[in-house]
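Shown next, in structure tokens, is the structure this report addresses.
The values are calculated or read from the model by the stated rules, or taken from the named source; none is laboratory data. Every value quoted in this text rests on a predicted model; they were computed, and no experiment measured them. Please note: Cβ atoms are built from the backbone with ideal geometry, for glycine as well, and neighbour counts cover all protein chains shown.
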Amino acid sequence: ADAEDNDDVEDRYSTDDVKEVLGAYDGAAESAATDNEDDFELGKSPATLLDLAQAYIEMGEIDDAQLLLNKIKHCGDDDIEREVAQLLQQLDGQSHR
């Protein structure tokens, strides 16, 4: 019975389930290439998109993270722009290994 309980826990945190929980942001990376300013107009702040990009990095979705980071790298918030630049540099460094 314990093994079944552990399987249930693992299933709850699958990539698909995480994306479902993020519902409003599902597909944000795909739209990033085409909806340049739409996310800001829809109430998705640069800080929220930065958090989402970090979640993508943790899930190994590097391409999606880079799309979001590139979208907000000139958002006008110095702290966010600095963090975005650092993350993009780290991701770029990882891709050249």
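A few comments on the model shown:
- Meets criteria (modelled with pLDDT under 50, charged (D, E, K, R) and under 14 Å from the mean Cα position of the chain (by Cα)) for Asp63: no
- Any hit, the range 66-89, residues being assigned to a helix (DSSP H, G or I), surrounded by 10 or more Cβ atoms within 10 Å (Cβ to Cβ) and at pLDDT below 80: no
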